[in-house]
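Comments concern the structure below.
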Amino acid sequence: MTAGLCAAILFQVNSSIRPPSRNRSQWLLTILVFGTLVFLSIWHLTYPERETEKQFANAKEVALSEITRGYADGDFTEITIRDNKVFATTHSGTVLQSYKETQDSVSELGWNDPKNPTVVEIENREAVNTFIAVLPDLLFFLLVISGVIWLFRGIARSQSTALSFGKSRARIADARQVKTRFIDVAGSDEAKEELVEVVDFLKNPKKYTGIGAKIPKGVLLVGAPGTGKTLLARAVAGEAGVPFFSIAGSEFVEMFVGVGASRVRDLFSKAKRNAPCIIFIDEIDAVGRQRGGAGFGGGHDEREQTLNQILTEMDGFEQGTNVIVMAATNRPDVLDVALLRPGRFDRRVFIDKPDLQARQQILEVHSRNKKVAKNVKLKDIAKQTVGLTGADLENIMNEAAIFAAKRNHAVVTQRDLVDSVEKVTIGSEKRSRKLTQHEKDITAYHELGHAIVGHLCPNSDPLHKISIVSRGSALGVTWFLPQEDQYTTSRSKFIDEICGLLGGRAAEEIIFNEITTGASNDLERASQIARNMAMRYGMGDLKLGLVAYGERQGTMFLGADPSASRNYSEEVARLIDDFVQKTLAEQYERAKGMLLKHRDKLDLLVKVLLKEETMSVTEFLDIFEGKKEVTAADIAEEPEDEETEDEGGN
């Protein structure tokens, strides 16, 4: 126990003097050796005492006077004195034990007769007693010393932290650490072409400076979240073979004023020493917002000081430093104009969401490190992922690999990929959600109402799949997928989308003569489409004219929808409401007419869907167009006992 305590204290002292992570094995070996030596020392010093206790374990206790008489009579072969204990051994081997006063000596007891053959032995335990007596004080002393060392090291650390508070927190990757290349970035061909110039300048600066050209000091990567802005920046550094300084915009800002500016100065100072190199600032809108607006406290504001320092450093670059600043944001509309002027971020590279070919290339890149079946058609998966970003596609490939592992597949199959797309885009299946038979009937008619009306509308996206298996908060899903990427939308397409959205509610009213809450989201989306037609796209009636209503407070960019102020009269507001109500009412009656015309097909499809729960577009068209005759085996059987309680809830 004592040795362990010593070892623990020494370990604390060593840890305070030197970081334990450095030569950890040597320090542990030293502590182990020292603890062993202390243990062996105590064992050796106390060995005689343990042996004496074993030898005199069965001693008979008598009076001291009896031992004195026995000594005078020569009855003993040996008398052993240890502290105040006296042990006398008779000729027959019997051991007698007694006690003496501490101050009594052998001569005072009369046991020093030279003619007496009895051996009188005195054990000298002074060294042992002294060591054991001093040991607690020694341990306490070591404990105090270790505490003092720890205290002073804590003060030194705090001072070091205070001194490094204004240092840059950028993560530095040298040319050997940056492994990303342009071949690893798929689907951004135009952006890569613009950045090739940056790479060429970093590799061959004299090629440009010799002819008098100036390469942009700053490159701003603009794109929606997940489009690969950071990946592109790393690819530029990897292709150029230069160091890469990476930092987030929020890391400049602290609670103390002036720290952000200090970190900016330190970052640019390090970059100049490591030139040629790239500084990459992610989410620069955290510090690069417009100055003087809401949330800014004037010239003493920390964000504003940080931005001012960034502007000064970028404008103060010496010619020929070969330091290029790259930044990424998905909110360029909020950046300060001084940051975007020529001489700072004077080149902007827009990274759009990938098209069909780009999505296929991205899927191929992310399938390199996965075992994928040879018959997998990534182009079909790319067609089903319109509007998704590179990050979404990477997630789809990862989810497909997870599906394959759970199903004990040796490779990722097409089914795994299809299920992965559905999970990422519309949510996981919730087969544990139990619906009553009546709710299943309503859900089936609702989803097939969407499917039939959408299929009959000429400008609607093609039908892809119908399911009454719960996903997310939806009890069923009707999935329409465009055949190709679309960048504009016509008025007739908007009208057909509204009609398709109202097909589910129309089917409920026709079949059950009642409506449910299942169409709440459909009504919201249809109303929003109609309102946008009237207010933003000039697609309203003649009374509204070709006017965009509602002044937007910010730039509509990358899906962000800033608040809008009302810049129109009450009369115009009434006309907008009338147009929305009229459009939805007309399309609702149109949807009801389509369903009434194909009521027999609707009932037949519902019976098949209730049994199979999922229906592909091929199965839908075969039944709807009469190509396949529905047999009794294709129709769902009537349940014996209808459930009366919705266990899963809506």
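The values are calculated or read from the model by the stated rules, or taken from the named source; none is laboratory data. Keep in mind that what you see is a predicted model, and the values were worked out from it rather than measured. Positions of Cβ are backbone-derived with ideal geometry, glycine not excepted, and every protein chain shown enters the neighbour counts. The area values use the complete protein model at the heavy-atom level, side chains included, leaving out ligands, DNA and RNA. Shrake-Rupley method; radii C 1.70, N 1.55, O 1.52, S 1.80 Å.
Here are a few things to note about the model shown:
- Total residues in region 72-102, condition in a loop (DSSP other than H, G, I, E, B) and of a type in the set (F, W, Y): 0
- Residue that is farthest from D419 (Cα to Cα), among those in region 452-471 that are open to solvent by less than 20 Å² (accessible area, probe 1.4 Å) and over 38 Å from the mean Cα position of the chain (by Cα): C457
- Among (1) in a loop (DSSP other than H, G, I, E, B); (2) within 22 Å of E613 (Cβ to Cβ); (3) of a type in the set (S, T, Y) - the single one T488 does not satisfy: (2)
- Pairing residues of region 397-413 that are without any contact (Cβ under 8 Å) to a residue 12 or more places away in the chain with residues that are among the β-branched types (V, I, T), at Cβ distances under 9 Å and at least 6 apart in sequence or on separate chains, gives R407/T413.
- Considering the conditions (1) part of a helix (DSSP H, G or I); (2) within 30 Å of H438 (Cα to Cα); (3) out of contact with any helix residue (DSSP H, G or I) (no Cβ under 6 Å at 6 or more places or on another chain), A507 is excluded by exactly one of them, (3).
- The sole residue among I81, I42 that is modelled with pLDDT of 70 or more and not small (G, A, S) is I81.
- Restricting region 161-196 to residues that are open to solvent by less than 70 Å² (accessible area, probe 1.4 Å) and of a type in the set (S, T, N, Q), the residue that is modelled with the highest pLDDT: T180
- Test: residue in region 342-351 that is over 24 Å from the mean Cα position of the chain (by Cα), open to solvent by 30 Å² or more (accessible area, probe 1.4 Å), more than 28 Å from T614 (Cβ to Cβ) and without any contact (Cβ under 8 Å) to a residue 60 or more places away in the chain: yes
- Filter result for the condition that a residue is within 30 Å of E484 (Cβ to Cβ) and modelled with pLDDT of 90 or more, over N330, N398, N369: N398
- Selection over region 474-487 of residues that are open to solvent by 30 Å² or more (accessible area, probe 1.4 Å) and under 13 Å from N459 (Cα atoms) gives a count of 3.
- Candidates I452, I468, I426 - the one that is among the aliphatic types (A, V, I, L, M) and either out of contact with any Lys or Arg (no Cβ under 8 Å at 6 or more places or on another chain) or within 17 Å of G500 (Cα to Cα) (or both): I452
- Listed by first and then second residue, the pairs with beta-carbon distance under 8 Å, at least 6 apart or on different chains, first residue in region 63-78 and closer than 18 Å to I122 by Cα, second open to solvent by 70 Å² or more (accessible area, probe 1.4 Å) and part of a strand (DSSP E or B), are L64/Y99; T77/V119; E78/V119; E78/E121.
- Residue tally, condition open to solvent by less than 80 Å² (accessible area, probe 1.4 Å) and among the charged types (D, E, K, R), over region 352-389: 5
- The lone exception for N513 - which of (1) farther than 24 Å from M533 by Cβ; (2) within 36 Å of the chain's Cα centre (by Cα) it fails: (2)
- Among the conditions (1) open to solvent by less than 10 Å² (accessible area, probe 1.4 Å); (2) more than 21 Å from G518 (Cα to Cα); (3) out of contact with any Phe, Trp or Tyr (no Cβ under 7 Å at 6 or more places or on another chain), S420 misses just one, which is (3).
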